[in-house]
Amino acid sequence: MDFRFDIIIDYLPLLLKGALLTIGISILSILFGSILGLAVVLGKMSTSWYLSWPMSGYIHFFRGTPLYVQILMVHFGLVPLLIGQTNSIVAAVAALALNSAAYTAEIYRAGIQSVDKGQTEAAYSLGMTKRQTMRFVILPQAIKRTIPAFGNEFIMLVKDSSLVALIAAPEIMYWSNAMRGQYIRVWEPYLSAAVIYLILTYSLSKLLASIERRLEG
């Protein structure tokens, strides 16, 4: 079997452009997902059932259904409903952020529960309210402890973003599929995509490891 490097060279600028979009989509998704995830976990941990039940249902839905299905629902249902037309990039960010929020909510929960309860009691004894205690005492410590988990979630988003090719978001897999369609080849487009994803995830893992060492130091 001959391996055609000329095909890869022809599509390399498009693949790199797709890699930049992949990174951009992943950054926006983890950013919005983290914000929404914090709201979700605070609602889930609320003593009010009308907050805790819907938030628990949200987490179960997005963790228990395929991301593939969620992307289609957001692209063909939610985005047209909100902006009046389909938009692959908006749908990609929205779907990944909604999915990520369910996972980041659980990351937050683990971090919050890892903080010693004695600190909560100490905050109350100083006259702080429940909201102030959560904001100024619990959350800062919880977020610091969960940074490695958030890093892993970001890496997962980079890989999961390959699914948005099915709604024609021009990221890495979109151009790999275009290469396959034009040249009727398999190894060149998909091996190229695999190498790019490997470089991205490996680089991110090294960056995250460096950040963790600085935090520990």
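The values are calculated or read from the model by the stated rules, or taken from the named source; none is laboratory data. Not measured: the values here are computed from a predicted model. As a convention, Cβ positions derive from the backbone with ideal geometry for all residues, glycine included, and neighbour counts pool all protein chains shown. Please note that ligands, DNA and RNA were not included when accessible areas were found on the heavy atoms of the full protein model with its side chains. Shrake-Rupley method; radii C 1.70, N 1.55, O 1.52, S 1.80 Å.
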For the structure I just gave you, tell me whether residue 8 is touching an Asp or Glu at 6+ places or on another chain (Cβ under 7 Å) and more than 30 Å from residue 140 (Cα to Cα). yes
Among the residues of the range 30-68, the number that are outside any helix (DSSP H, G or I) and closer than 19 Å to residue 161 by Cα is 2
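A quick yes/no check of all residues on (1) without any contact (Cβ under 8 Å) to a residue 60 or more places away in the chain; (2) outside any helix (DSSP H, G or I); (3) in contact with a strand residue (DSSP E or B) (Cβ under 6 Å, 6 or more places away or on another chain):
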| site | (1), (2), (3) |
| --- | --- |
| 70 | yes, no, no |
| 80 | yes, no, no |
| 85 | yes, yes, no |
| 92 | no, no, no |
| 96 | no, no, no |
| 101 | no, no, no |
| 105 | no, no, no |
| 108 | no, no, no |
Against the conditions (1) within 22 Å of residue 197 (Cα to Cα); (2) without any contact (Cβ under 8 Å) to a residue 24 or more places away in the chain, where does residue 47 fall short? Just the number, please. (1)
I'm trying to understand the selection: among the residues of the range 84-120, which are within 21 Å of residue 165 (Cα to Cα) and more than 18 Å from the chain's Cα centre (by Cα)? 85, 86, 87
Please go through (1) more than 30 Å from residue 173 (Cβ to Cβ); (2) of a type in the set (A, V, I, L, M, F, W, C); (3) open to solvent by 30 Å² or more (accessible area, probe 1.4 Å); (4) modelled with pLDDT of 90 or more for residue 122 and return the number of the only condition it doesn't satisfy. (4)
Would a scan of the range 177-195 turn up a residue that is within 29 Å of residue 36 (Cβ to Cβ) and either of a type in the set (Asp, Glu) or without any contact (Cβ under 8 Å) to a residue 24 or more places away in the chain (or both)? no
